[in-house]
Amino acid sequence: MTPLLESLLLRLAGADLGAGARARTEAVVFDVLEPADRQFALDLPGDPRIDPIAEALLANPADDRGLAEWAAELQTSDRTITRAFRQATGLSFAQWRQALRVHEALALLSGGADIRAVSERLGYAQPSTFIAAFRRVMRVTPGRLMSGIPYQVS
């Protein structure tokens, strides 16, 4: 994040910004935004061989069934699941599940949930395990991200 973008976002976070100033600031934000090096959108598979897995994980991100269990349930091989996830999403099954959990965490955190509640909802044994997993993906802890404290993503 550039210093200019950071300043603009901090300005937008202020409650005392009038409607006209807010509109002008938002316009400048859109002018200085640059595409991220990493993708944060989560592609859904759209593959009938693995859609049941995606649907189950969307309904319950804490579901910790592994490839072997999914393969047995879907009466296919774990290699088929692995190839299908890679072809459909560009991610391995484990990477896709981790990305789904981070997306869910972001939604819960932005809705005001605390880190312990998010950790439990996503099936982590300890909040520290959730924080470490979140940081591996987002390169910042969830607390720091949600606090509004400026940080540098490397």
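Do you know the relative contact order of the chain, to the nearest whole percent, from alpha carbon pairs under 8 angstrom that are 6+ apart? Could you put the intermediate results ahead of the total?
On the way: 117 pairs, mean separation 27.5, N = 154.
Worked out over the chain, it gives 18 percent.
Residue separation times 0.36 nm, minus the C-alpha to C-alpha distance between residue 98 and residue 7: what's the value? Please list the in-between numbers first.
Numbers: separation 91, 0.36 × 91 = 32.76 nm, distance 3.11 nm.
Computed gain between residue 98 and residue 7 is 29.7 nm.
Among 134, 100, 119, pick out the residue whose Cα is farthest towards the positive end of the charge dipole of the range 51-147, where Lys and Arg carry +1 and Asp and Glu carry -1 on C-beta, about the Cα centre. Of the candidates, 134 comes out farthest on the positive side.
Taking only DSSP H segments of four or more residues, each worth -39500 (n - 2.57), what value at 222 nm results for the chain once the sum is divided by all its residues, to the nearest 500 deg cm²/dmol?
Working: 9 runs with 97 residues, N = 154.
Calculated mean residue ellipticity at 222 nm is -19000 deg cm²/dmol.
Computed from the coordinates by the stated procedures, all read-outs in this text should not be read as laboratory data. Remember, predicted model here, so these are calculated numbers, not experimental data. Backbone-built Cβ (ideal geometry, glycine too); neighbour counts: all protein chains shown.
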